[in-house]
Structure formats: structure tokens, C-alpha cells
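What follows is a set of notes on a single structure, which appears directly below.
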Amino acid sequence: MTPEDSLDQAMDRYAQGDETAFSVLYAGLELKLRSFLTRLTGAPPAAEDLLQETFMRIHRARGGFEPGAAVVPWAYAIARNAWLDHVRAAKVRGRGSADAKEGHQAPPAEVTTGPEADSEQLLIARETASLVEAVLTRLPVAQREAFVLLRYEGMSVVEAAEVLGSTKSAVKLRAFRAYEALRAALGPKREMQGGGDEA
Amino acid sequence: MKPDRKADPAFDTAWLDIPDPVRHPIGTRATAVAAPRAPSLDRRQVHRRRLTALTLSVVWPIVIVAVWGLRHDAGDIFGFLAGQSALWMALLVVSAAASVARGRRGLGAPIAAIELAVIGAPAVFLPLALVWLPEGAGDFAGIGTLKQLGACVGLGLLVLLPMLAVSTWALRRAFPSGAIWRGGALGAACGLAGAIVLTLHCGITIGGHIALAHGGPIVLAALFGTLAGSKLGRA
């Protein structure tokens with residue numbers, strides 16, 4: 001049995017009213033959802049708030065979780081709804097993508113931080129990560145979510161289309177546009193680094 | 001979930017070059033997290049609520065037909081009424097099924113199928129209702145009087161609005177994705193119930209009247225459904 005199967009069973013129990021299954025669900029979903037929301041918001045504090053909101057929504061919607069359904073994409077879809085509501089509320093308040101602008105930038109990733117790490121390499125990696133994050137937060141919502149699901153959450157186009165409630169071709173197009181924007185932003189930086197970007 | 005990279009060779013190696021801006025958050029909570037205390041329905045309660053809504057949605061149009069009565073020529077055109085009612089009922093079932101289908105992984109039917117159901121309901125209804133008329137039908141040209149239009153639109157709304165309200169109540173927070181279109185399909189199904197009642201009740205065969213007064217409520221219901229889906233149906 002895979003971890004996702006056991007999570008599905010936990011959600012199934014929770015949907016039937018077994019309150020003790022919630023802690024299993026939380027433990028299994030927290031990391032995935034926090035990562036997803038942090039990538040979407042670019043701001044860990046906002047992601048933390050949205051994570052709590054997502055689990056509250058999961059709690060409220062649990063009775064509608066059908067037997068045999070998969071809880072991970074279901075939870076991703078709910079997390080995405082929480083994020084979209086957050087974005088809309090921020091627009092109404094006239095803040096735009098205020099989370100990332102307030103200095104709550106997410107920590108850089110995929111950086112070797114061990115003693116062998118070269119400080120210059122570390123700096124470049126951090127700058128690149130910051131640039132990616134800045135471009136991501138500037139992208140239209142639809143492009144950002146499609147790219148994050150496909151590139152970082154490891155979903156297939158079919159799975160991402162299900163989570164986003166969109167068609168496969170639309171998801172591909174949005175993700176590709178996001179990729180082009182990121183590549184255009186990263187290109188000059190990579191040329192400066194001497195590596196070029198022939199991908 | 002395993003990446004399905006084979007289906008998208010354009011993305012294969014190229015975009016793996018874009019680094020992840022976010023370090024994976026570390027450290028999950030060590031202590032067990034208790035379930036929220038906010039009230040929420042479990043599956044049995046949800047099923048009971050949906051069964052109640054389904055029963056009310058079946059009974060309500062029957063009550064309306066019983067109170068408002070059948071059209072004056074109903075006895076002469078039984079085959080026509082049975083055939084059209086069955087066709088609209090089939091469209092209704094398709095729309096409703098598209099809205100509430102579990103789907104492959106619990107996220108509903110593919111969005112293209114739901115869109116087809118929402119757009120297809122009025123798109124199939126209108127030409128068929130205009131072409132398929134009972135024998136001995138009177139004038140076809142025109143739109144009839146405004147009073148006739150208002151009466152039929154009003155009756156259609158009287159059928160569909162309570163149905164849509166009770167369905168939305170039963171499907172509260174039931175759509176994790178595609179809520180707008182799934183709500184639209186639910187609305188179209190309710191609109192088709194209104195169309196069935198109008199087919200059984202109204203004997204006017206004027207084309208404009210059928211299109212506007214009998215088909216209009218389907219479109220209105222689909223629009224109301226999209227609103228209900230987006231505001232109340234979204235998980």
C-alpha cells in the first residue's frame with residue numbers, strides 16, 4: 001500500500017465521521033500543501049494562513065468526499081480555491097500580490113548549504129531562486145498555478161487539468177507561457193554566468 | 001502522482017532547468033492535530049441531504065403540473081408529449097450527471113464534458129422544440145403576446161428556482177474544481193425540468209414563444225447555476 005492509498009483511506013474514515021483520522025490526514029498532507037501554497041503565494045506567512053484555511057475547508061467539505069476518490073488532488077484543488085479567494089480579497093483591498101512585496105520572500109531552494117558549498121555559487125543560486133519567485137508572482141494567476149502544478153508538484157497534464165477545472169490544452173498553454181516568461185527572465189542571467197541556456 | 005512527461009515532450013528537459021524558488025518547508029508538527037470543532041456534515045448526513053433534495057426536485061414539478069394542469073389538447077397528442085418529455089428528461093439526466101459525476105479521481109467529470117452539457121442543453125432543446133411540433137399546430141410565426149411570454153417564463157422560474165435552491169443546498173461545498181461549470185450544468189438540469197413542465201402545460205406552438213418562454217428559462221437557470229456553483233458549491 002502506498003502512502004497515498006493510506007491517506008485516501010484516512011480521508012474515507014474522516015468523511016464517515018471518524019475524527020481521529022484528521023491527524024493522519026494532517027500529517028500526510030501538510031508538507032505537500034504548504035509547499036504548494038508557498039510556491040503560489042511566494043510568502044511563507046501567507047501560505048501558513050492558507051494552509052489552516054485549507055484544512056478548515058477540507059473539514060467542512062469532508063462529507064462530499066466520495067468513496068474511492070483520491071484525497072491528494074482533492075486537497076490540492078481545495079488549497080487552490082483558498083489561494084484564489086486570497087488573491088481576490090487582496091485585489092479588492094487593492095494590495096495586488098502584496099504577500100511577496102512585504103518582504104516575506106520564501107527561502108531559496110535547491111541550494112547546497114553544506115560546508116562544501118562555494119559562497120559565490122550559493123549567492124548565484126539564491127539570486128536565481130529570487131528571480132524565479134519574482135517572475136512567478138508577476139505571472140497571471142492561471143499561468144502560475146498551471147506551471148507550479150506541472151513543474152514543481154509533479155502532476156501530469158491530466159491531473160493538473162482536473163485540479164484546475166480546466167482542459168488539458170489550456171493547462172499546457174498556460175504552463176508553456178509561464179515557462180517562456182521564466183526562461184526569458186533567466187536567460188540573460190545565465191549568459192552572465194557563462195553557462196548559457198540552450199534548453 | 002508520477003509526472004506524465006511523455007505526453008508533453010516540449011516540457012521534457014527544457015523546463016526542468018527552471019529552479020524551484022522555494023525550499024521544501026521542513027518540520028511537520030510533532031503533536032497530533034485535532035480535527036476542527038466547526039460543524040461539518042459527514043458522508044451519511046450529506047447523502048441524506050442529497051436524497052431529500054432529489055426527492056423534492058422530483059416531486060416539485062409534479063406538484064406544479066398537478067396544480068396548473070395539462071394543456072388543453074393533451075389528450076389528443078399523448079405521443080408527442082411523452083416523446084418530448086422523455087427527450088428533455090434525457091437531457092436533464094445528462095446535465096445533472098455531468099454536474100455531480102465523481103470523475104476518475106473524485107474531482108468531477110472532465111471539464112470539456114461539463115461544458116458540453118451546459119451549452120448542449122439549450123442548444124439541443126431550441127432547434128428540436130421548434131421543429132418538433134404536435135400535429136395540427138397553429139401559427140408558428142411571431143412571438144405571441146407579452147402576457148403569454150411572461151406567464152410561461154414565470155411558470156418556468158417557479159419550477160426551476162426552488163429546484164436550484166434545494167440542489168445548491170444539497171451540493172454545498174461539493175465542487176473542489178470546475179465549480180462554475182458544474183453549477184451551470186446543475187442549473188441547466190433544473191431549467192430542463194421547467195421546460196418539461198411548460199411542454200406539458202402550455203399549448204402555444206408559436207416559434208418565438210417556444211424559443212423565448214420555454215427555452216429562455218433553461219439559459220437563465222444555467223446562468224443562475226454558474227453563480228450558485230461559484231459562490232456556494234465551491235469547496
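Tabulated values for the structure
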{"quantity": "Heavy atoms of A:ARG183: accessible area, 1.4 Å probe, square angstrom to 10", "calculated": "80"}
{"quantity": "Area of A:LYS168 that stays accessible when all protein chains are in place (1.4 Å probe, Å², to 10)", "calculated": "120"}
{"quantity": "Among B:ALA96, B:ALA34, B:ALA195, residue whose mean-square fluctuation peaks in a GNM of chain B (springs only between Cα atoms under 10 Å)", "calculated": "B:ALA34"}
{"quantity": "Global form of the stretch B:40-129, assessed from the alpha-carbon gyration tensor, a/c cut-off 1.5", "calculated": "oblate"}
{"quantity": "Alpha-carbon centroids, the stretch A:122-194 and the stretch B:196-235: separation in whole Å", "calculated": "41"}
{"quantity": "Global form of the protein assembly as shown, assessed from the alpha-carbon gyration tensor, a/c cut-off 1.5", "calculated": "prolate"}
{"quantity": "Computed [θ] at 222 nm, deg cm²/dmol, chain B (DSSP H ≥ 4; -39,500 (n - 2.57); rounded to nearest 500)", "calculated": "-19500 deg cm²/dmol"}
{"quantity": "With all protein chains modelled, accessible area of A:GLU159 [1.4 Å, Å²]", "calculated": "20"}
{"quantity": "The protein assembly as shown - percent of accessible surface contributed by carbon and sulfur, probe 1.4 Å", "calculated": "62"}
{"quantity": "Accessible solvent surface per residue of the stretch B:88-188, calculated while the other protein chains remain in place, 1.4 angstrom probe, Å²", "calculated": "45"}
{"quantity": "Where A meets B: accessible area buried, both sides, 1.4 Å probe, Å²", "calculated": "5700"}
{"quantity": "Rounded to the nearest 20 debye, dipole of the protein assembly as shown from Cβ charges on Lys, Arg, Asp, Glu", "calculated": "1100"}
{"quantity": "Per-residue average of Cβ from other chains inside 10 Å of A:67-75", "calculated": "4"}
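The values are calculated or read from the model by the stated rules, or taken from the named source; none is laboratory data. Just so it is clear, the structure is predicted and the values come from calculations on it, not from any experiment. Note: ideal-geometry Cβ built from the backbone for every residue, glycine included; neighbour counts use all protein chains shown. Ligands, DNA and RNA are excluded from the accessible area calculation, which covers all protein heavy atoms including side chains. Shrake-Rupley method; radii C 1.70, N 1.55, O 1.52, S 1.80 Å.
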